[in-house]
Amino acid sequence: MKDYLTVKQTAKYLKKHPDTIRRWIREKKLRATKLAGKYGVYLVSRSDLLEFMMSKVMEER
């Protein structure tokens with residue numbers, strides 16, 4: 001599980017509110033895997049997080 005972060009961990013890493021991370025996931029801006037259940041937990045892979053961060057850097061240029 002070290003290759004995945006929870007929404008809360010991702011938010012802490014990016015210094016954003018967890019609701020912002022969930023919104024980005026819903027809007028398909030940030031890839032995540034949803035675990036089973038209607039209100040399942042989302043996990044973000046470290047590689048997807050890195051890709052997301054790189055895209056944000058490129059947008060700023």
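The values are calculated or read from the model by the stated rules, or taken from the named source; none is laboratory data. Since we're looking at a predicted model, the values are computed, not measured. Here the Cβ positions follow ideal geometry from the backbone for every residue, glycine too, while neighbour counts run over all protein chains shown.
Quick look at the values:
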| read-out | value |
| --- | --- |
| Failed item, numbered, when His17 is tested on (1) surrounded by 15 or more Cβ atoms within 10 Å (Cβ to Cβ); (2) touching a helix residue (DSSP H, G or I) at 6+ places or on another chain (Cβ under 7 Å) | (1) |
| Tally, over the range 23-49, of residues that are part of a helix (DSSP H, G or I) and at pLDDT below 95 | 1 |
| Criterion (acidic (Asp, Glu) and touching a strand residue (DSSP E or B) at 6+ places or on another chain (Cβ under 7 Å)) met by exactly one of Asp48, Asp3 | Asp3 |
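One line per residue, one yes/no per condition, for (1) in contact (Cβ under 8 Å) with a residue 40 or more places away in the chain; (2) surrounded by 13 or more Cβ atoms within 10 Å (Cβ to Cβ); (3) of a type in the set (S, T, N, Q):
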| site | (1), (2), (3) |
| --- | --- |
| Thr6 | no, yes, yes |
| Lys12 | no, yes, no |
| Arg22 | no, yes, no |
| Tyr39 | no, no, no |
| Tyr42 | no, yes, no |
| Met58 | no, no, no |
